[in-house]
Amino acid sequence: MNKQLDCILLIDDNDADNFFHERVIKKMGCADKIVAKESAEDALEYLKSMTNGEYPKPDLIFLDINMPRMNGWEFLEEYAKLELSQKASIVLIMLSTSLNPDDEKKAKDNPLIHDFVNKPLIKDNLREIIEQNFLDRL
């Protein structure tokens with residue numbers, strides 16, 4: 001797959017999951033840059049940071065639900081408060097091991113979330129997410 005995305009942001013407190021998901025993304029060759037944050041707070045700080053007068057704008061965010069201190073749902077509450085320039089055209093995917101059907105329904109009802117995908121992220125899921133959300137870049 002050719003590189004369609006500039007940046008993918010992984011938000012997951014599990015270092016092993018981040019490592020595995022980075023490998024899948026790299027093998028797919030679909031992004032120039034992968035940023036992994038091990039807490040929702042660190043991810044918010046990253047999105048609020050400026051480099052050369054610009055905010056980082058990952059094309060795609062994979063967000064875990066169950067994290068200590070600030071979970072995925074709490075992250076979304078804070079994310080919604082960001083300025084539009086800090087979240088421009090970001091596709092947000094909830095990536096979780098949660099088997100709770102309420103979590104999936106809550107994700108599908110949230111306008112910020114584009115999809116709910118069960119861990120681990122595999123090539124087929126990633127390909128489908130890119131095809132569904134970034135068709136203009138294929």
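Could you please find all residues in the range 87-117 being of a type outside the set (A, V, I, L, M, F, W, C), touching a residue at least 24 places away in the same chain (Cβ under 8 Å) and either open to solvent by 20 Å² or more (accessible area, probe 1.4 Å) or assigned to a strand (DSSP E or B) (or both)? Spell out the reasoning first.
The first filter runs over the range 87-117 and keeps only residues of a type outside the set (A, V, I, L, M, F, W, C), leaving 87, 89, 96-98, 100-106, 108-111, 114-115.
Filter again for touching a residue at least 24 places away in the same chain (Cβ under 8 Å), leaving 87, 89, 96-98, 103, 106, 110.
Correct list: LYS87, SER89, SER96, THR97, ASP103, LYS106, ASN110.
Would you confirm whether or not the range 64-74 contains a residue that is in contact (Cβ under 8 Å) with a residue 12 or more places away in the chain, open to solvent by 60 Å² or more (accessible area, probe 1.4 Å) and in contact with a Gly (Cβ under 9 Å, 6 or more places away or on another chain)? Explain how you work it out, then say what you get.
First, pick out the residues of the range 64-74 that are in contact (Cβ under 8 Å) with a residue 12 or more places away in the chain: 64-74.
Filter once more, so that each one left must be open to solvent by 60 Å² or more (accessible area, probe 1.4 Å): 66, 68-69, 74.
Subset that is in contact with a Gly (Cβ under 9 Å, 6 or more places away or on another chain): 66.
Within the range 64-74 (the criterion being in contact (Cβ under 8 Å) with a residue 12 or more places away in the chain, open to solvent by 60 Å² or more (accessible area, probe 1.4 Å) and in contact with a Gly (Cβ under 9 Å, 6 or more places away or on another chain)), the answer is yes, since at least one residue qualifies.
Taking the conditions exactly as written (in contact (Cβ under 8 Å) with a residue 24 or more places away in the chain and open to solvent by less than 90 Å² (accessible area, probe 1.4 Å)), does ASP12 satisfy them or not? Let's see the steps before the verdict.
On the way: in contact (Cβ under 8 Å) with a residue 24 or more places away in the chain: yes; open to solvent by less than 90 Å² (accessible area, probe 1.4 Å): yes.
Judged against the criteria, ASP12 is a match.
Residue by residue, here is whether (1) open to solvent by 10 Å² or more (accessible area, probe 1.4 Å); (2) of a type in the set (Val, Ile, Thr); (3) modelled with pLDDT of 95 or more; (4) within 17 Å of ILE129 (Cα to Cα) holds:
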site	(1), (2), (3), (4)
MET1	yes, no, no, yes
ASP6	yes, no, no, yes
TYR46	yes, no, yes, no
MET50	yes, no, no, no
PRO56	yes, no, no, no
LEU60	no, no, yes, yes
GLU77	yes, no, yes, no
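Please find, within the range 22-41, the residue that is most open to solvent (accessible area, probe 1.4 Å) out of those that are out of contact with any strand residue (DSSP E or B) (no Cβ under 8 Å at 6 or more places or on another chain) and part of a helix (DSSP H, G or I).
Among those residues, the one meeting the criterion is LYS27.
Answer yes or no: is there a residue in the range 89-112 that is in contact with a helix residue (DSSP H, G or I) (Cβ under 8 Å, 6 or more places away or on another chain), within 13 Å of CYS7 (Cβ to Cβ) and modelled with pLDDT under 95.
Scanning the range 89-112 turns up at least one residue that is in contact with a helix residue (DSSP H, G or I) (Cβ under 8 Å, 6 or more places away or on another chain), within 13 Å of CYS7 (Cβ to Cβ) and modelled with pLDDT under 95.
The values are calculated or read from the model by the stated rules, or taken from the named source; none is laboratory data. Note that this is a predicted model, so its numbers are computed, not measured. So basically every Cβ, Gly included, is an ideal-geometry build from the backbone, and we count neighbours across all protein chains shown. For accessibility, only protein heavy atoms count, side chains too; no ligands or nucleic acids. Shrake-Rupley method; radii C 1.70, N 1.55, O 1.52, S 1.80 Å.
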